[in-house]
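The values are calculated or read from the model by the stated rules, or taken from the named source; none is laboratory data. None of these values were measured; they are calculated from a predicted model. Methodologically, a virtual Cβ is constructed for each residue, glycine included, from the backbone with ideal geometry; neighbour enumeration extends over all protein chains shown.
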Amino acid sequence: MKRRLTAVAACVIVVPVLVLMAAQPAAAQGSAEKLQGKWDLDVKKTVKEAGADAAELGPLAEGTFKMSIEFGAEGKMTVTMTFAGQAQSQTGKWKADEEKKDSVTISIVMDENKDKTEKAKITLLDMGGAIKIEPQEVEGPVKPPTFYLTKVKADEPKKNTDSPEK
């Protein structure tokens, strides 16, 4: 009899706790957290969205330029660019300045040029499977293009987005 009461008491306490835990929404992942991981340049989309300005993209429009960006934990980042078969990587730091539901504005300081802070607005697309990077507060006569990148998934082979559509 005592065991049955203990089992009933356990059910009376445990079941409501489990129901309450299940009813709690999972912690939402912020836009900045969704950036973490590796992203590859989607050449086709970048060239397509550039429209008439695509001719100004040079090697990118020709398909001889590749780029990947890895946003790591603790604000670390690596940008790897390949042009005509020659790869070059740069490391730096990033931090979220302004975060909204589907976008985040970040500050970037590359290790090679620690005196210069660049800003970019990053918009999450395709439920976080792609991003659009728009450089902000750019000095100089030529405004850099808006880049489109797709998230690299570790368990999936990389899709070919290296050649612009003709």
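A quick yes/no check of all residues on (1) more than 15 Å from residue 152 (Cα to Cα); (2) assigned to a helix (DSSP H, G or I):
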site	(1), (2)
32	yes, yes
38	no, no
50	yes, yes
68	no, no
74	yes, yes
87	yes, no
92	yes, no
95	yes, no
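Among the residues of segment 81-99 satisfying the criterion of being among the hydrophobic types (A, V, I, L, M, F, W, C) and closer than 15 Å to residue 112 by Cβ, which is surrounded by the most Cβ atoms within 10 Å (Cβ to Cβ)?
94
Anything in segment 49-72 that is acidic (Asp, Glu) and modelled with pLDDT under 80? List them, or say none.
53, 56, 62 - these are the residues of segment 49-72 that are acidic (Asp, Glu) and modelled with pLDDT under 80.
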